[in-house]
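Visitor: This is the structure I have questions about; it appears just below.
The values are calculated or read from the model by the stated rules, or taken from the named source; none is laboratory data. Just so it is clear, the model here is predicted, and its values are computed rather than measured. A quick note on method: Cβ atoms are made from the backbone with ideal geometry, for glycine too, and the neighbour counts reach across all protein chains shown. Ligands, DNA and RNA are stripped out before the accessible areas are found, and what is left, the full protein with its side chains, is counted by its heavy atoms. Shrake-Rupley method; radii C 1.70, N 1.55, O 1.52, S 1.80 Å.
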Amino acid sequence: MKTMSGLVPYTQADQDYINSVKLGGIIQAKFTQARNPKFHRKFMALLNLAFDHFEPQPIELNGVQVTPEKNFDEFRRWVTVRAGFYDVVGYPDGGYRARAKSISFENMEEHEFAQLYSKSIDVLLGKILSDYESYDQVESTVNQIIGFA
């Protein structure tokens with residue numbers, strides 16, 4: 001953690017590790033600024049809210065009517081791609097697919113995550129949360145959910 005005195009260990013485990021290094025020893029570290037974990041929980045609350053509203057519709061596949069599996073991880077990936085956060089991957093047969101970007105703390109900076117959150121609400125309002133009237137109403141519901149968590 002950065003303080004007026006410089007960098008200091010953040011946890012007791014960090015302090016114990018530093019204490020284990022011999023005087024004059026050199027350690028190497030990769031520094032990244034941690035993303036706000038509360039905001040990550042807020043995004044997950046948004047996705048859970050929408051996932052509860054989502055019901056896969058039966059489709060015909062190879063002449064048989066089936067109902068697709070309801071899967072949260074696939075749902076999260078679908079929202080992420082629809083919100084515009086994806087990479088395009090190609091296949092040997094010339095095909096391609098949009099693959100959702102990782103939302104892990106180390107792979108997505110705070111400002112990009114904030115954009116994903118905002119655009120995800122837009123996607124969900126248009127496709128799943130049609131009983132909500134506005135972005136602000138969805139935001140308010142999510143804030144209520146995380147307030148009780």
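Visitor: Identify, by number, the condition in (1) open to solvent by less than 60 Å² (accessible area, probe 1.4 Å); (2) among the basic types (Lys, Arg); (3) part of a helix (DSSP H, G or I) that Arg35 doesn't meet.
Guide: So Arg35 meets the others, but not (3).
Visitor: I need a count of the residues in the stretch 90-113 that are without any contact (Cβ under 8 Å) to a residue 40 or more places away in the chain, open to solvent by less than 70 Å² (accessible area, probe 1.4 Å) and in a loop (DSSP other than H, G, I, E, B).
Guide: Here the count works out to 5.
Visitor: Restricting to the stretch 52-89, name every residue that is open to solvent by less than 80 Å² (accessible area, probe 1.4 Å) and assigned to a loop (DSSP other than H, G, I, E, B).
Guide: The answer is Phe54, Pro56, Pro58, Gly63, Pro68, Lys70, Asn71, Ala83, Gly84, Phe85.
Visitor: Looking only at the stretch 114-132, filter to residues that are modelled with pLDDT under 95, assigned to a helix (DSSP H, G or I) and among the small types (Gly, Ala, Ser); which one of those is farthest from Phe43 (Cα to Cα)?
Guide: Restricting to residues being modelled with pLDDT under 95, assigned to a helix (DSSP H, G or I) and among the small types (Gly, Ala, Ser), the top hit is Gly126.
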